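Worksheet for the structure shown next.
The values are calculated or read from the model by the stated rules, or taken from the named source; none is laboratory data. These numbers were taken from a predicted model, which means no experiment stands behind them. Heads up, the Cβs are rebuilt from the backbone with ideal geometry, glycines too, and the neighbour counts pull from every protein chain shown.
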Amino acid sequence: MATHPPPESTADFMFRDLAPVGKRVMRIGLAPNFGIDADSVAHALADRGVNYIFWTPLMRKATPAIRDALARDREQYVLATGPTTAYWGGSLRRFTERVLRSLGTDYIDVLHMFWLGVGSRWSPATVEELVRLKEEGKARAIAVSIHDRQRAGALATDSPLDLLMIRYNAAHPGAEQDIFPSLRDDGPAVIAYTATAWRRLLKAPRGWDGRVPTAGDCYRFCLSNPYVDVVLSGPANREQLELNLASIEQGMMTREELDWMYRFGEVVHG
């Protein structure tokens with residue numbers, strides 16, 4: 001089981017060396033798929049230190065800013081992407097080569113098979129192609145996104161994967177039992193998404209009369225777990241971006257804050 005010492009400073013909380021890609025990253029990543037404009041994406045990447053980018057070609061509004069950032073300093077940024085579906089090895093290769101051309105880069109940092117078990121198939125052909133693309137240097141690390149926690153735990157124990165992208169939030173903390181104990185010292189790294197449980201954690205459920213979390217609270221909750229390397233955020237505008245960044249500058253949640261988040265998440269989950 002992997003061991004992660006608690007952060008000694010706010011900087012340790014906000015940044016982490018992401019071993020599979022050999023880069024230091026801000027632990028809140030940008031997913032520009034909820035309407036954020038191109039200027040705000042450029043601001044996040046150039047001025048605010050955000051350098052983990054979760055992107056697909058469908059996120060057209062953000063593409064020029066991402067292309068510019070990669071051209072400016074390729075080694076500064078981590079680009080995570082993948083095809084919407086990956087049932088065959090050939091589709092993985094065609095997607096990879098198309099992205100390399102369209103973004104003008106020599107490699108993808110994190111090449112995903114998305115929604116494993118629903119939109120992608122873990123077959124010998126797809127796994128072999130992922131590994132081959134990594135060996136060729138077209139991808140630095142290979143990953144899947146997955147909701148099946150038991151299967152993710154098994155893949156963490158025995159697979160060539162470098163990263164797992166998983167659902168983890170106060171309403172769905174099951175990764176703490178099903179995935180995190182299976183992580184080895186050498187990985188896979190963990191990328192958390194759905195931190196707000198699709199915004200369900202941002203409004204009071206029936207019967208709750210206490211404080212309601214902000215999106216920033218949800219990101220801090222995720223990052224307060226030492227097994228989470230990066231949490232993805234999807235701000236709709238620059239104001240939300242700045243609020244999210246300001247929130248993680250507060251550092252790790254206290255025990256009292258974590259207990260509050262767990263209680264709220266349990267009520268939300270129902």
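Residues in the stretch 64-75 that are surrounded by fewer than 17 Cβ atoms within 10 Å (Cβ to Cβ) and either within 17 Å of the chain's Cα centre (by Cα) or charged (D, E, K, R) (or both): Arg67, Asp68, Arg72, Asp73, Arg74, Glu75.
Somewhere in the stretch 68-81, is a residue assigned to a helix (DSSP H, G or I) and either within 15 Å of Glu129 (Cβ to Cβ) or touching a Leu at 6+ places or on another chain (Cβ under 8 Å) (or both)? Yes: one or more hits.
When residues in the stretch 188-204 are screened for being surrounded by fewer than 21 Cβ atoms within 10 Å (Cβ to Cβ), touching a residue at least 60 places away in the same chain (Cβ under 8 Å) and among the aliphatic types (A, V, I, L, M), 1 of them pass. Determine whether Leu163 is crowded, with 19+ Cβ neighbours inside 10 Å and over 19 Å from the mean Cα position of the chain (by Cα). Criteria not met by Leu163. Just one of Pro83, Pro20 is over 23 Å from Ser247 (Cα atoms), surrounded by 20 or more Cβ atoms within 10 Å (Cβ to Cβ) and in contact with a His (Cβ under 9 Å, 6 or more places away or on another chain); which is it? Only one candidate passes the filter, namely Pro83. Considering only the stretch 194-225, how many residues are in contact with a Lys or Arg (Cβ under 8 Å, 6 or more places away or on another chain) and closer than 21 Å to Asp17 by Cβ? Qualifying residue count for the region: 1.
Restricting attention to the stretch 121-128, does a residue exist that is basic (Lys, Arg) and surrounded by 19 or more Cβ atoms within 10 Å (Cβ to Cβ)? There is no residue in the stretch 121-128 that is basic (Lys, Arg) and surrounded by 19 or more Cβ atoms within 10 Å (Cβ to Cβ). For Ala175, are the conditions met, namely being more than 17 Å from Leu116 (Cβ to Cβ), crowded, with 18+ Cβ neighbours inside 10 Å and of a type outside the set (S, T, N, Q)? When the stated conditions are applied, Ala175 does not pass them. Return the only residue of Lys61, Lys138 being touching an Asp or Glu at 6+ places or on another chain (Cβ under 8 Å), more than 24 Å from Gly35 (Cβ to Cβ) and either of a type in the set (D, E, K, R) or surrounded by fewer than 18 Cβ atoms within 10 Å (Cβ to Cβ) (or both). None of the other options fit; the residue is Lys138. The set of residues in the stretch 151-198 that are part of a strand (DSSP E or B) and either modelled with pLDDT under 95 or of a type in the set (Val, Ile, Thr) (or both) comprises Ile166, Arg184, Gly187, Val190, Ile191. Scanning the stretch 2-55 for residues that are at negative phi, outside any helix (DSSP H, G or I) and modelled with pLDDT under 95 turns up Ala2, Thr3, His4, Pro5, Pro6, Pro7, Glu8, Ser9, Asn33, Phe34.
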